[in-house]
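The values are calculated or read from the model by the stated rules, or taken from the named source; none is laboratory data. Computed from a prediction, not measured in an experiment: that's the story for all the values here. With ideal geometry, Cβ positions are generated from the backbone for all residues, glycine too; neighbour counts draw on all protein chains shown. Areas reflect the complete protein model, heavy atoms only, side chains present, ligands, DNA and RNA absent. Shrake-Rupley method; radii C 1.70, N 1.55, O 1.52, S 1.80 Å.
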Amino acid sequence: MHNRSPLPHVFVFPLPLQGPVNCMLKLAELLSLQNIRITFLNTQHIQQRLLSCTDHKSHFKRYANLRFETVPDGLPEDNPRTGDQIPNLLASMEIVAAPIFREMLTVGAYGPDSEAPVTCIIADGIFTFAPGVAGEIGVPLLYFDTISPCGLWAYLCLPKLIEAGEVPFKDDNMDELIMNAPGMEGIIRRRDLPSFCRAKDLDDPLIKLVLREDEHIPLARGLIFNTFQELEAPILSQMRNICPNVYAIGPLHTHLKARLEAETTTSNSIWKEDMSCISWLDMQPLRSVVYVSIGSLVIITKEEFLELWHGLVNSGSRFLWVQRQGSVIGGDMVSETPVELAQGTKERGCIVSWAPQQEVLAHPAVGAFFTHSGWNSSLESIVEGKPMICWPYGVDQQVNSRYVEEVWKLGVDMKDMCDRVVIEKMVKEVMESRKDEFLERADHVAKLAKASVSEGGSSFRDLDRLIDDMKSMRIQATSGRN
Ligand code: UDP
């Protein structure tokens, strides 16, 4: 018999992108606080960037039970790892990283015969190789899809939509309501389905990828979500039909703060945050600023960039705009800045290349968030009670932005449009004409979010259940082998 570790040992493997890594790190911290041993598998690229952009090393030193391992992602170092590269990233992860992951857990340092064998795996839902590895070593797999549950539910409905002939779309009417996504009837139109549903034929590589994910999700012992019951109850109940064991433990960044009783947590940014925007915000009046960010992956054309700029300046609002390096196709700079833009930006704007977003959204000077509707950004906005102007780009963002406008009534959805007149109109709507209505609603939902992670709240209870389950998995895994 081996010298078994007294602690349960959870192996965490996120998709190597800013959003998923951030979420899974928050979960890893929450579990580490509960005497659970964690091994966190990052790609070398992500780990290097965390080390160079944050106080990663000193922050995580406090968790004696948490250790990092790295694998190559298989992409050349100069690959920009932007949203358009995700299919390449996934393919190379499968070829290069998956075999190393398997080896680590079967015959390697964390295998059944090691000093501290892994007792549970948490992997991103897109990693279809994970159930095989979990099966080989006989431990439970929990899938953690860090996109929105409403987005993932639309992914899971894809086989049904194809069978019913709703995807691919039969004509160009993007406003046609979708009938075969249970729980979303009357809400989702063609344009609100995840972006890959716009593919003309079913041989599209993303469609194939999602269909493969759909087959693997039910193989997990449980599904973890970064959401809270009060926000997505109908969707979560649909999810339980696929996998009865659902843990809704978000918003994770707020949950971690609550359990640490801390004002802030580490940002886990893979870009260097420009803190000067906080001093700029300090000088702006209450709720006068629109915060503008398209997240870590979206890339836009020069035309879109200019429309956005004109729209923001013409709205007359103050704005704090994140212009991430590499986010504009063909270079970030317009050759000559039109005078009216330069003037308007000087008077009312602040531009940074990466912001401390959670701090920005919490700032009293921020009145609304112009966002690409990534799920982390949406939740961060929800927690801070900031209404949204949604300009979705891809994947789950199309669904999220629809829910923001139609279901949660937290803002407006600008999908499929990029026109300076529309941008101006929508910014004015959220910042001026419908301001009170949106603020009241945002304040209400923010309170629900915070209550869910407070003692006795729905996410708080689900996290406790997850922790208990992990501890009992250890007993099962150990007794099963001895
Ligand atoms: N973010 C940030 N600073 C920025 C822009 C974004 O810290 O200037 C963070 C943001 O807080 C969020 C993440 O990057 O946690 C973006 O994740 P999201 O799911 O919203 O979008 P993605 O980048 O995956 O498209």
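Overview of results
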{"quantity": "The range 334-482: relative contact order in percent, alpha carbon pairs under 8 Å with at least 6 residues between", "calculated": "17 percent"}
{"quantity": "Inter-centroid distance (Cα atoms) of the range 26-60 relative to the range 177-192, Å", "calculated": "38 Å"}
{"quantity": "Values of log10 I(q)/I(0), in the order q = 0.10, 0.16, 0.18 Å⁻¹, for the range 201-284 under a Debye, Cα-only, solvent-free model", "calculated": "-0.49, -0.89, -0.96"}
{"quantity": "Solvent exposure of the range 256-307 as accessible area per residue, Å², 1.4 Å probe", "calculated": "47 Å²"}
{"quantity": "Under Karplus coefficients 6.51, -1.76 and 1.60, residue-wise ³J(HN,Hα) of the range 395-407 in Hz, glycine/proline x", "calculated": "6, 6, 4, 4, 6, 4, 5, 5, 5, 4, 7, 8, 9"}
{"quantity": "For the chain, convex hull volume per residue from C-alpha positions, Å³", "calculated": "140 Å³"}
{"quantity": "Quotient of C-alpha Rg and 2.2 N^0.38 Å, computed over the range 424-476", "calculated": "1.93"}
{"quantity": "Accessible surface of the range 129-171, 1.4 Å probe, proportion on carbon and sulfur as whole %", "calculated": "55 percent"}
{"quantity": "Debye intensity ratio in log₁₀ form over the Cα atoms of the range 236-377, taken at each q of 0.10, 0.12, 0.21 Å⁻¹", "calculated": "-0.42, -0.58, -1.36"}
{"quantity": "Cα gyration tensor shape for the range 176-238, rounded if a/c is under 1.5, else prolate or oblate", "calculated": "oblate"}
{"quantity": "Pairs from Lys200/Lys415; Lys61/Lys409; Lys428/Lys450; Lys61/Lys447; Lys208/Lys386 whose Cα-Cα separation, in the structure shown, is over 31 Å", "calculated": "Lys61/Lys409; Lys61/Lys447; Lys208/Lys386"}
{"quantity": "Cα-Cα P(r), the range 306-355, percent of pairs per 10 Å interval", "calculated": "25, 58, 17"}
{"quantity": "Isotropic mean projected area of the C-alpha convex hull, the range 388-482 (nm²)", "calculated": "9.0 nm²"}
{"quantity": "Using distinct alpha-carbon pairs, which all enter the 1/r mean, Kirkwood radius of the range 267-347 in Å", "calculated": "14.0 Å"}
{"quantity": "Radius of gyration, Dmax [the range 17-139; alpha carbons; angstrom]", "calculated": "14.7, 41"}
{"quantity": "Rounded to the nearest 10 Å², the accessible area of Met174 at probe 1.4 Å", "calculated": "40 Å²"}
{"quantity": "Sequence of Arg348, Arg62 when ordered by accessible area, the most exposed leading, probe 1.4 angstrom", "calculated": "Arg62, Arg348"}
{"quantity": "Candidates per GluC sites (Glu not before Pro) in the range 255-300, loop by DSSP, up to 16 other Cβ within 10 Å", "calculated": "Glu261, Glu263"}
{"quantity": "Calculated [θ] (222 nm, deg cm²/dmol) that DSSP helices of n ≥ 4 give over the chain, each run adding -39,500 (n - 2.57)", "calculated": "-12500 deg cm²/dmol"}
{"quantity": "With all protein chains modelled, accessible area of Leu448 [1.4 Å, Å²]", "calculated": "60 Å²"}
{"quantity": "Distance between the range 274-300 and the range 334-363 - C-alpha centres, whole angstrom", "calculated": "7 Å"}
{"quantity": "1.4 Å probe accessible area per residue over the range 310-354, in Å²", "calculated": "49 Å²"}
{"quantity": "Relative contact order computed over the range 80-190 (Cα-Cα under 8 Å; 6+ residues apart), in percent", "calculated": "14 percent"}
{"quantity": "The range 162-305 - Debye-derived log10 I(q)/I(0), Cα point model, q = 0.12, 0.13 Å⁻¹", "calculated": "-0.85, -0.98"}
